[in-house]
Amino acid sequence: MSKNDSDIQTSIDTKASIQVQYLRSSLVGLLAFIVCLVFTGGLFYLPYRWLLSVQKLFYIKCDVYRATHALVSINDTDPAIVKIYSKKCLKSVLDIQNTDEEIKLIMFEYKNEAFYFQEELGMCVPLIFNTKLSFACFHSMKDGICTESLIESRQKIFGPSVIDVPVPSVFETFLNEILRPFFVFQIFSVILWCTEEYYWYAIAIFFIMCITLTVNIIFVQSNLRKIKELATFITNINVLRNGNIETISSYDLVPGDIVIITDNLTFPCDLILLSGFCLVNETMLTGESQPVMKEALPEINNVYNKDKLYTLSAGTTVIDKHPQSFAVVSSIGYSTAKGELVRSILYPKPNRFKFERDALIFVAAMFGMALIGFFIAIKPLKEGGYAPGDIAIKLLDLITIAVPPALPLTMTIGIGYSMGRLKRKKISCISQPAINSSGRVSVVCFDKTGTLTKDEMGLNYVYDLNFPDKEISPENVSLDFQKCMACCHSLTILNNDFVGDPMEIATLNALKWKAMVLGNGKISVTSPDGRISLENNFVFHFSPELKRMGVIVEEEGKTYLYMKGAPEVLIPLCKNVPDDIYQVFLKYTRKGYRVLACAYKILDNFDMNLKLEDYEKGLTLLGLPLLENPIKDDAINVVQILQNADIHCVISTGDNVLTGLSVGKTLSFVKSDNVIFGDYVGLEIVWENDDGKRLEQFPTESNYEIVMTGNLLERIVTENHEYMPLVKEKCKVFGRMAPKHKIMLIESFQVGEIMVGMVGDGANDCGALKQADVGISLSTAEASIAAPFSTPELSNVIYTLKEGRCALATSFQCFKFMFMYSVIQFTCAVMLYLEQTNMTNNQYIYQDIFTVLPLTFTMAASLPHHKLSKRMPPGSLISVPILLSIALVIIQAVGYMVAAICMVKSMSWYDTETSSNHCGEQRSFIDAPIDTLESNAIFLQGTVQLIGICTIFSMGKPFREPIYKNIPFMISVLILFAGNIYFLLDRSEFTFRFIDLSYEDHMDYRLIMLGIYFGGSIVTMVVEWFILPLLVRCIRACFCRKKKLLVIDAY
């Protein structure tokens, strides 16, 4: 859908833009559709279902007021025609206006998200309850909704308060699968074979189709049920309506309802906390392992902007709360933060991995192969006396042979095995496409705190301005410094333990100050000797954007502002800054300490309506707490394995860039001693060496590495693109990274076929986890919707990538085998057409059911290789290794079958052999094939080729374990290969009847056939394992040389 014939809808917040084209159905269009159905016997419904361009033919473009449907897309992708409807409601439905005026909303739903036409803007916008209100406006709602009419209107417009993931019935899933193009083609094939009286073969293919359908239905149903289990939640909840507390189902909640928060409540919707406090577990939603404290919205004049501090998200659970806690419902259903994540799972962004697209190209190639075979077979068909109509039917026969019936099965069976193995490793996966994508990951971005380092921290030393010569223990610093560190936090206490930021917990434990929770939910701290007791009257919570926080404390009639934050941000706000403070700061960050700065100020007065920025000028600097964050035990091994596999690893942390550098050096992210620091200060990009000396140009030698801040990354991504190669190649540590910077970093690597993985553990990483091709959340929850993969162990990152490579290699090998299966069986048919005969039903059934089916199921069961190799599986089916492998195997397979038939014809007894179709008067047995010497040779040789090629394609290294460890596959191969040798050498009547072999007693040609069996398999193995890699390297070397010459010529 082009932008010229659609209305461009500007997104709100961070939502992607949508395009809407208004359409109107008509009686003429309906009649035309019915006529098309009638004249095609209902078959027209299939292209109508598959092609949006066909559906558009039956609608007329119009304006929004006359429209009955809308053609909607997101950034010109995923278009769909949806129904437009209108509803009358009170004007106060969408916000807090107190009016009985009625309005009419023109609405539609697209991907489970409701939109309505806003006349003031002249465009469609998401249907949400307006929360861009002042804090005071929300507090005016604390008495609840007072009228039943408003409740009914909001229920009517917003719908039920539930994230309802529709799981279609088994029958509906069956219909959706059976009406896919490939299955329609298979049904057509079965009908065709039945009309030609190929009953047994039709039954065999129908059997394979049923197995494939069953597997697909199980996958679809189980995946949707798993998502529904994570998403759908209904509970009884207490609400305040009409001045009374009622217990209702959360299904009936509407925006504006006041919810009374009870113990252990799991929130069914998004709410804004108006009173009390709540300690919540957000693990399932964000992957955050630490409980998060939520505070009541203060009664000030600020405007609410989805502030996380005051927002209770759907899916999170209350751990502790104030007895008088209540909140107002702000979003329900798919409009919640949880709903957005669920929608991203149900409707993922277009996968950058093009496996399915390439598969369709191969299917088209199979159809082309069928046409070539048809033109080859025309002459023998005419010579056999076939009428033009019968020849056309034979063309359809060849097409049905060329496209293998088990193809859809091979596209899913490998992923199914991988899902089971991941589950056994305690790795939850909620996105099947992400498994194949993980097989091509070449860049991994790590969060630092909680991902590479442990959640626990230690405060062993402090730099106090009063004792500038040495580090001292926290309990020995100046009293003001102790007060600042003891008060400046956002902790709470649960079961006599601190809950919150590990850094703040470490600080209070090191100070040995005692803390207790007061009745109002605030924390009171007392000095070890009991003489000083302080209470936080107001907290300016830490902001990733400001990189600092502050608290207001009353003591002896004075009002103190205590602050802590990033030294580079806080020190410039202080008035007593020593000349060497930045050198001190750099010294400790280079040692690996996580360095903070603490400062304070005595205020004349305090107004909570003002911001922290209004108070923080003229602070008194106290000193620098020096925190240590131990590295996880398995972090070094994980990073080393990834680097040994040539996977580019970077650290993306919110900490100071030097602290990140210290961890980077410990874990070998950064290996050079020549490190350049980059930052964006004011309006200038600044590069400095390790001694703090500004650099005007980079060193001529290439052995330097770079670390940079999030601000500089943003500048490079948006303006100074010439530095982008440095970001991708030289920079291994990114510090002071806000959530938006982490997303930018992921996007900067996602160029071409490069797949990027993100490993994180907290709310700040959610955006990056979602943006990455493969997001891995280190979550203790059994399943999390923060990322496609979730696991409690860092070491499972390695297994996830190994499993991805195994699954991807398996998908490619299965597809190659299916393609060769198609080529071999198709070649058998064409060669026998030339001999005026065909394979019998029993022979087709033996190849399809007893050979290909067990091989397909067992070859995909190979385990991932124990070592993560430097090589990666090909990124596309349309690639040099895949195409060259298929081409070489086709040449050999066809050559061996030609050799077999030529060898038979060269036998001295051939012209007198009664079982030959060339003995006596030649007749055509294509329609009613009989057992002949020619079909013996072609069938047996083709079947052995299938077994041998499948075995060679299934060899393990470097992505899968050796073939001998796949016991079911080895048993299948040995039985099948031994069986075919038995069929070749045995001359009993049972063998001839079982697979319709011609009865003759010539042993000489059988021994030669046996030699072709073994000799052909060995040659194919040598070509695939040794000659193919050599040819691929030569082709790539020639291509690279040519590319370099073109670059030189361009200059």
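Suppose we filter Ser668, Ser702 for residues that are hydroxyl-bearing (Ser, Thr, Tyr), surrounded by fewer than 23 Cβ atoms within 10 Å (Cβ to Cβ) and at pLDDT below 85; which single one remains?
Answer to the selection: Ser702.
Output yes when any residue across segment 463-476 is among the acidic types (Asp, Glu) and free of Cβ contacts under 8 Å to residues at least 24 places away in the same chain, and no when none is.
yes
Identify all residues within segment 643-665 that are touching a residue at least 24 places away in the same chain (Cβ under 8 Å), out of contact with any helix residue (DSSP H, G or I) (no Cβ under 6 Å at 6 or more places or on another chain) and part of a helix (DSSP H, G or I); write none if there are none.
Hits for segment 643-665 are Gln643, Asn644, Val657, Gly660, Leu661, Ser662, Val663, Gly664.
Suppose the filter is modelled with pLDDT of 75 or more and outside the structural domain of Tyr844 (by TED's automatic domain parsing); does Leu381 pass it?
So Leu381 fails the test.
What is the number of the single condition among (1) assigned to a loop (DSSP other than H, G, I, E, B); (2) of a type outside the set (Val, Ile, Thr); (3) more than 30 Å from Arg24 (Cα to Cα) that Asp63 does not meet?
Every listed condition holds for Asp63 apart from (3).
Which residues, taken from segment 138-184, are in contact (Cβ under 8 Å) with a residue 40 or more places away in the chain, of a type in the set (Gly, Ala, Ser) and either loosely packed, with under 15 Cβ neighbours inside 10 Å or within 25 Å of Ala296 (Cβ to Cβ) (or both)?
Ser140, Gly144, Ser149, Ser161
So which residues in segment 137-188 are part of a loop (DSSP other than H, G, I, E, B), of a type in the set (Lys, Arg) and closer than 23 Å to Glu113 by Cβ, if there are any at all?
none
For residues that are within 22 Å of Gln583 (Cβ to Cβ) and either in a loop (DSSP other than H, G, I, E, B) or not assigned by TED's automatic domain parsing to the domain that holds Leu661 (or both), tally how many sit in segment 685-720.
The total comes to 6.
Given (1) under 26 Å from Pro502 (Cα atoms); (2) in contact (Cβ under 8 Å) with a residue 40 or more places away in the chain, identify the lone condition not met by Tyr304.
Of (1) under 26 Å from Pro502 (Cα atoms); (2) in contact (Cβ under 8 Å) with a residue 40 or more places away in the chain, only one is false for Tyr304: (1).
Can you pull out the strands (runs of 3 or more DSSP E) entirely within segment 515-558 that have at least 3 residues that are closer than 17 Å to Phe277 by Cα?
533-543
Taking only segment 278-301 into account, find how many residues are small (Gly, Ala, Ser) and modelled with pLDDT of 80 or more.
1
Kindly provide the set of residues from segment 57-78 that are of a type outside the set (Gly, Ala, Ser), surrounded by 17 or more Cβ atoms within 10 Å (Cβ to Cβ) and more than 31 Å from the chain's Cα centre (by Cα), ordered by number.
Phe58, Tyr59, His69
Can you find a residue in segment 885-905 that is within 25 Å of Pro433 (Cβ to Cβ), among the β-branched types (Val, Ile, Thr) and in a loop (DSSP other than H, G, I, E, B)?
no
Just give me the residues in segment 351-407 being of a type in the set (Phe, Trp, Tyr) and either in contact with a helix residue (DSSP H, G or I) (Cβ under 8 Å, 6 or more places away or on another chain) or closer than 30 Å to Thr77 by Cβ (or both), in sequence order.
If the condition is that a residue be of a type in the set (Phe, Trp, Tyr) and either in contact with a helix residue (DSSP H, G or I) (Cβ under 8 Å, 6 or more places away or on another chain) or closer than 30 Å to Thr77 by Cβ (or both), then Phe353, Phe355, Phe362, Phe367, Phe374, Tyr386 are the ones that fit.
Could you list all residues from segment 314-324 that are surrounded by fewer than 23 Cβ atoms within 10 Å (Cβ to Cβ) and touching a strand residue (DSSP E or B) at 6+ places or on another chain (Cβ under 9 Å)?
Result: Thr317, Val318, Ile319, Asp320, Lys321, His322, Gln324.
So Leu619 fits all but one of (1) crowded, with 22+ Cβ neighbours inside 10 Å; (2) of a type outside the set (S, T, N, Q); (3) free of Cβ contacts under 8 Å to residues at least 40 places away in the same chain; what number is the exception?
Of (1) crowded, with 22+ Cβ neighbours inside 10 Å; (2) of a type outside the set (S, T, N, Q); (3) free of Cβ contacts under 8 Å to residues at least 40 places away in the same chain, only one is false for Leu619: (3).
Hey, among the residues in segment 79-116 that are farther than 24 Å from Ile145 by Cα and small (Gly, Ala, Ser), which one's nearest to the chain's Cα centre (by Cα)?
Selected residue: Ala80.
The values are calculated or read from the model by the stated rules, or taken from the named source; none is laboratory data. Since the model is a prediction, treat every value here as computed from it, not as a measurement. All Cβ positions, even for glycine, are placed from backbone atoms using ideal geometry, and neighbour counts span all protein chains on display.
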